[in-house]
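Reviewing the structure listed below.
The values are calculated or read from the model by the stated rules, or taken from the named source; none is laboratory data. Note that the structure is a prediction, hence the values are computed from the model and not measured. Here Cβ is always computed from backbone atoms with ideal geometry, including for glycine, and neighbour counts include all displayed protein chains. Heads up: the accessible areas ignore ligands, DNA and RNA and are worked out on the full protein's heavy atoms, side chains in. Shrake-Rupley method; radii C 1.70, N 1.55, O 1.52, S 1.80 Å.
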Amino acid sequence: FSVEDRLKNLILVIMAEPVEIRVRFFGKARELMACEETRATIPNQMSYQELKNLIFRELYIDLESIESACIIAVDHTYLSDHSTVSLRPYSEVAIIPPLSGG
């Protein structure tokens, strides 16, 4: 990361306030978590990578084994590696592993 990216992330962390969100699990994530949905209180501003680390390495460590295959969506919008995440109260964060079927 560049110095500019680090400064942007630092500003986001400083300005962040906690917000309660809905976390939804699909496919293998649902199976590993043994539930469809839960709630969590997390900062309302962060980078995509910070959100990913929070989800897979702190809040839901049972999902760490499928982290590299999962996509994260916030309020029905898929995130990319360079996204800045802004959450509102009760935003929906979806953990979506690859789907298979025939």
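Mind checking whether some residue in segment 55-64 is farther than 25 Å from Asp5 by Cβ and in contact with a Pro (Cβ under 9 Å, 6 or more places away or on another chain)? Explain how you work it out, then say what you get.
Residues of segment 55-64 that are farther than 25 Å from Asp5 by Cβ, as a first pass: 60-63.
Subsequent filtering for residues that are in contact with a Pro (Cβ under 9 Å, 6 or more places away or on another chain) retains 63.
Within segment 55-64, one or more residues are farther than 25 Å from Asp5 by Cβ and in contact with a Pro (Cβ under 9 Å, 6 or more places away or on another chain).
Here is a yes/no grid of residues against (1) modelled with pLDDT of 95 or more; (2) open to solvent by 30 Å² or more (accessible area, probe 1.4 Å); (3) not hydrophobic (A, V, I, L, M, F, W, C):
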| position | (1), (2), (3) |
| --- | --- |
| Arg6 | no, yes, yes |
| Ile11 | no, yes, no |
| Leu32 | yes, yes, no |
| Cys35 | yes, yes, no |
| Gln45 | no, yes, yes |
| Asp75 | yes, yes, yes |
| His82 | no, yes, yes |
| Pro98 | no, yes, yes |
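Quick one: Pro89 ticks every box in (1) surrounded by 12 or more Cβ atoms within 10 Å (Cβ to Cβ); (2) in contact with an Asp or Glu (Cβ under 8 Å, 6 or more places away or on another chain); (3) in contact (Cβ under 8 Å) with a residue 40 or more places away in the chain bar one, so which box is it?
All conditions are met except number (1).
Kindly list, by first and then second residue, each pair from a residue in segment 58-74 that is over 15 Å from Ala34 (Cα atoms) and outside any helix (DSSP H, G or I) to a residue that is aromatic (Phe, Trp, Tyr) and open to solvent by 80 Å² or more (accessible area, probe 1.4 Å), limited to pairs with Cβ atoms under 7 Å and residues at least 6 apart or on different chains.
Between residues of segment 58-74 that are over 15 Å from Ala34 (Cα atoms) and outside any helix (DSSP H, G or I) and residues that are aromatic (Phe, Trp, Tyr) and open to solvent by 80 Å² or more (accessible area, probe 1.4 Å), the close pairs are Ile71/Tyr78.
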